[in-house]
Each structure stands twice: as C-alpha cells, then as structure tokens.
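Undergrad: I'd like to ask you about the structure that follows.
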Amino acid sequence: MRRDIRLIRRSNRNARIFGVCSGIAQWAELDVKTFQTIMFLVVLFTGFFPGAIIYLLLAIVIPADDYSPSYTTYEDKDDPYYDKTTDELRKEYENLKKKVETMENDMFDKEKDWDQRFHENK
C-alpha cells in the first residue's frame, strides 16, 4: 500500500508575513484565516517572544513553495497599456500632457475673454 506524502511548504497565497501559516494550513487542509488567527493568539498569549521565535524558526526551516512566486506580477491582458514599452508609455504621457495643457489654455483664454467683456460694459 503506497501512501502519498505531502511536504509542508511556505505558501504566498493568503500569506501575511512569511507564508508559514498559509503553508501549514494548506498542508493540513484547514482554513488559512482560521489558522492565522489561532497562530496570532498563540503568539499573543505566549508573551510574544516564544511564539514569534518559533514562527521565525519555522519560516527559516520550511522551504518556500516553488509554485507561488514571492513577488506580485501584473498580468491584466485587457489593459491597453499592458504590452507597451517604457518609451511608448512616455510618448503617450507627453501627448496627454499636451492635450491637458491645450485644454487649460483654452479654458483660461475663455475666462479672460469673459472678464474683458464684463469690464467693458461698466
């Protein structure tokens, strides 16, 4: 009879600090938030240092999950700026900046025109 062995790994899914609670909860098939709350209460009621030291030791000893990246990635394919290079984004920014400046100038010119008309009638 063959038994599947699952190793404990630190996971970055639903992780708060090092992913220790998330990894242990996934390994034990428990709710991550519940396990994090229990761990927080253990650290709080042990006078912080014993629980925190155990947590840090677990963070050092338990290896990270290879399938959960430790960095966040931006992958919104629907975003129109997703595939643009830095130079293209810079050009887009400059074009938008020019449009805004043109709109501001038009608005201030109209305001100046109204002020002149108002003061001419007095």
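The values are calculated or read from the model by the stated rules, or taken from the named source; none is laboratory data. Just so you know, these numbers come straight off a predicted model, no measurement behind them. Here the Cβ is made from the backbone with ideal geometry for all residues, glycine too, and neighbour counts use every protein chain on show.
Undergrad: Can you work out which of the residues in segment 32-49 that are surrounded by fewer than 12 Cβ atoms within 10 Å (Cβ to Cβ) and not hydroxyl-bearing (Ser, Thr, Tyr) is nearest to residue 8 (Cα to Cα)? Write out each step before concluding.
TA: Of all residues in segment 32-49, those surrounded by fewer than 12 Cβ atoms within 10 Å (Cβ to Cβ) come to 34, 41, 44-45, 47-49.
Adding the requirement that they be not hydroxyl-bearing (Ser, Thr, Tyr) leaves 41, 44-45, 47-49.
Working: 41: 22, 44: 24, 45: 25, 47: 26, 48: 24, 49: 24 Å.
This residue is 41.
Undergrad: OK, next. Name the one entry in 48, 35, 40, 18 that is within 15 Å of residue 61 (Cα to Cα) and either assigned by TED's automatic domain parsing to the domain that holds residue 62 or in contact (Cβ under 8 Å) with a residue 12 or more places away in the chain (or both).
TA: 18
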